[in-house]
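Notes for the one structure printed next.
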Amino acid sequence: MIRKVWPLVVAAVALGIDAYVLAGILPQIADSLATTVAMIGLGVTAFTAAYAVAGPLLSGRLARGSTARALLLALGVFNLGNLITTIAPGVEVFLAARVIAGAGAGILTAVATATAAAMVSDQERGRAMAMVTFGLSTGTVAGVPLGMLIGQSAGWRWTMGLVVLIGVLSMAALAVRARTLPRLDAAASEPAFRVLRVGKTSVGIVAAFLLGVASLGLYTYLLPMAESVGLADWGFALVWAWGIGGVTGSTLVGKRPDSLGSHTLG
């Protein structure tokens, strides 16, 4: 199965690094742009807000014509946002760039997850979608610590340059496999906001939202929090441990949905 979905996994790795790497270089960015850690932390809020809105609002429309086109366009926007982040001269441009990157990431995640499910049999859909999440977690466990090391030795802009590089490689991988990507059916390409009409689905969305707020809220300020309690030297280990937990969960979660099968909520 991994041979079918690997381009989507590579794209998810780039997204995973970008979504979490700011936590490891937050103080450096704040110093460089002459602002506070809290203000740079708003970059995570800007990224996440754009991610949450763009995925449901735009992914269905873009995927109707061509799955490959939607994925490549999303990656293009994502890479553009990260490139602007890399060269941002001030906090205003930095925050705007995070909105652009977040919008591309939101569309990418929605289309990539649906595409992964469409590329395999019904019995493997849970594992295929979990592979995309696995890519996100792998970006955290491998890319974020690497980004921290690059940031410490060469500066945070080089860290963001790494994200851009991986994003460009992801575009190349998807372009090579463009003809093999399935078209999403009409149901998969419908606007996601429509599912809010289903009570059980709405409960799941609220739970996922609260989990995401708790996760990103803690992770973003993990290093300042560790420093405040005398654990500054453990920052790298804490970031790595978080990523390992994510990879472990992504590896284990896919088989359970497949064993339960698909059910219509109502």
Within region 76-93, the residues that are in a helix (DSSP H, G or I) and surrounded by fewer than 24 Cβ atoms within 10 Å (Cβ to Cβ) are Gly76, Val77, Asn79, Leu80, Leu83, Ile84, Thr86, Ile87, Val91, Glu92, Val93
Would you check which residues across region 1-33 are in a helix (DSSP H, G or I), surrounded by fewer than 18 Cβ atoms within 10 Å (Cβ to Cβ) and aliphatic (A, V, I, L, M) and list them?
Ile2
Looking at region 186-206, is at least one residue modelled with pLDDT of 70 or more and surrounded by 14 or more Cβ atoms within 10 Å (Cβ to Cβ)?
no
Tally the residues that are in a helix (DSSP H, G or I) and of a type in the set (Ser, Thr, Tyr), restricting the search to region 34-66.
4
Unique residue being farther than 30 Å from Asp233 by Cα, out of contact with any Phe, Trp or Tyr (no Cβ under 7 Å at 6 or more places or on another chain) and in contact (Cβ under 8 Å) with a residue 24 or more places away in the chain when the list is Gly106, Gly90, Gly126, Gly24:
Gly126
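The values are calculated or read from the model by the stated rules, or taken from the named source; none is laboratory data. Predicted model, so just to flag it, every value in this text is computed and none were measured. Note: ideal-geometry Cβ built from the backbone for every residue, glycine included; neighbour counts use all protein chains shown.
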